[in-house]
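Nothing in this text is a laboratory measurement; each read-out follows from the coordinates by a stated rule. Bear in mind the structure is a predicted one, so any value in this text is a computation, not a measurement. When we count neighbours, we look across all protein chains shown, and the Cβ atoms used for this are built from the backbone with ideal geometry, even at glycine.
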């Protein structure tokens, strides 16, 4: 149905409904990162924040305004590995939050099931299975199709199919994807075009976030300690950064550090500028 332009000129526009900052409900978004960075762990915690209808479920501090049913299709990890993650995350959740998440989050292992979203039969089953969801997570993109990821034409068709899923279910669709080898090698995983494959994967998505490992330079200049402010140094493997590299409907910045805890759970942490030996005088810390 065409938009009534006269009405749109005069009436107050609708309030945009965001899944989390910048990610508009009913659209397709991407989360990119190098392998073994923690994107699946971060996304599982983010999915729980959407599925939790009571206080205490937003461990990653995305502050969703609305909650609802979430379907997470996990294509890279077997059920035992997923169960271990759920158990580890659960240690940081109150019983009421666990109950709400268990009711609203469907975590479906699809590794080895050869899901092909471009097959009409598979597509119809996905739409039916995910009906009335608020968020659908596809982890990872390479596991749900058989197209050429370096072809802009193929990837435009793929994102278009995910938009169809969003339109038919009313959900936002988030796909996880890897960055290119060059972007990973150069530490540029936080750039909009860092994703592996054709540019249409990100150009045609409406939102793109990233999870990036802490670089050596960041580890030398940042501290996790509020007292002695020592640099993170060789402990940098415990820290990752989440941010947004593309958002079409919002300009709210959202860039946050997370620290790995037991079992791999990611929790937010405030990092400070480190005080190095060059910034000390007479054996004492400079006043900050």
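Considering only alpha-carbon pairs that sit under 8 angstrom and 6 or more positions apart, the relative contact order computed for region 17-268 is 26 percent. Size estimate for region 152-253 follows the Kirkwood approach: the inverse of mean 1/r over distinct Cα pairs works out to 15.7 Å.
Residues 232, 3, 19, arranged from fewest to most other Cβ atoms within 10 angstrom of their Cβ, appear as 3, 232, 19.
The GNM of the chain, with springs linking C-alpha atoms under 10 angstrom apart, assigns the highest mean-square fluctuation among 243, 35, 75 to 35.
GNM remark for the chain: springs join alpha carbons under 10 Å apart, and the peak mean-square fluctuation among 231, 21, 34 falls on 231. Seen against the Cα atoms of the chain and their longest principal axis, helix 79-90 is set at about 60 degrees.
For the chain, a Gaussian network of Cα nodes joined below 10 Å ranks 65, 54, 28 by mean-square fluctuation, and the top entry is 65. Between residue 118 and residue 252, residue separation times 0.36 nm minus the direct Cα-Cα distance comes to 44.8 nm.
Quick one: helix 39-51 against the long Cα principal axis of the chain, what's the angle to the nearest 10°, folded into 0 to 90? So the helix axis and the longest Cα principal axis differ by about 60 degrees. The modelled label-to-label distance for the pair residue 226/residue 63, using points 7 Å beyond Cα in the direction of Cβ, is 2.0 nm.
Largest first and in whole Å, what are the equivalent-ellipsoid semi-axes of region 213-274 based on the Cα gyration tensor, each being the root of 5 times an eigenvalue? Computed over region 213-274, the values are 23, 14, 11 Å.
Computed extension gain for residue 77 through residue 1, at 0.36 nm per residue and net of the alpha carbon distance, reaches 23.2 nm.
Here the residues 122, 145, ranked from fewest to most Cβ neighbours within 10 Å of their Cβ, fall in the order 122, 145. Beta bridges per DSSP, both residues in the chain: antiparallel share near 45 percent. The Cα atoms of the chain cover 73, 49, 40 Å along the three principal axes, with the biggest extent listed first.
What ranking do 18, 9 get, fewest neighbouring Cβ atoms within 10 angstrom at the top? In increasing order of surrounding Cβ atoms, one gets 9, 18. When each of the peptides 165-172, 96-103, 39-46 is scored by how many other beta carbons lie within 10 Å of its residues on average, the order from highest to lowest is 39-46, 165-172, 96-103. Only helical runs count toward this figure. For the chain, summing -39,500 (n - 2.57) over DSSP H runs of n ≥ 4 and dividing by all residues gives -8500 deg cm²/dmol at 222 nm.
The angle between the Cα long axis of helix 95-104 and the main principal axis of the chain comes to about 30°, on a 0 to 90 degree scale. Distance between the 7 Å Cα→Cβ label points at residue 217 and residue 128: 5.3 nm.
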